[in-house]
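Derivation of every value follows stated rules applied to the coordinates shown; laboratory data play no part. In this text the structure is predicted, and so the values were computed from the model without any measurement. Cβ: placed from backbone, ideal geometry, glycine included. Neighbour counts: every protein chain shown.
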Amino acid sequence: MSDGNRGQGNPHLGAYGVALAIVLCTIITGILSYSSGRESERRNHAPASYSRAAKQDAERACVGMDSGTAFECIYEKVEASQEQARGEQDLSAQQRAASAAMISAIIALLTLGATGMGVWYVKRTLDATLEAVKDTSKATVAMNDANEIAKAAQRPWVSIEVSPKIMGAYIHI
């Protein structure tokens, strides 16, 4: 760094960083949109499918019973289907939580990598600054030495001339 050349760095890093950020944002948005749409579709179809299954199960199991027993049988089938629907919703919520945790871990890993790269660039900057300070210190010492040499070479000299025309002496510095 003593020659003052700072270097150009990597001029394409900025463009690549912007492009990478856009791609990552697009991927994350796509994943979230797909998940939301899939979950919304599941919520729309799941209750209807459980109701149909409960109805078919009740028709098979409760046919031919007297009205009181048939009512209890149908009620049990509806309760069972509702319990199954709640269990499915719980399982779905747990799966979404696990997926979110996995995505968070991946994002944290990417963030760790970006942070590591930033720390590496800061270290390089500090190393270059330390080298520049050392070079400046050496240059200051050399300048002080040069000033001492210049002072020694430019000492004032006194000469005395006696002029015969004027009875006196002149001092020239």
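Here are some notes:
- Charge tally for Asn144 (other residues, Cβ to Cβ under 12 Å; Lys, Arg +1; Asp, Glu -1): 0.
- Inter-site label distance for Arg38 and Gln84 at 7 Å from Cα along Cβ, in nm: 2.3
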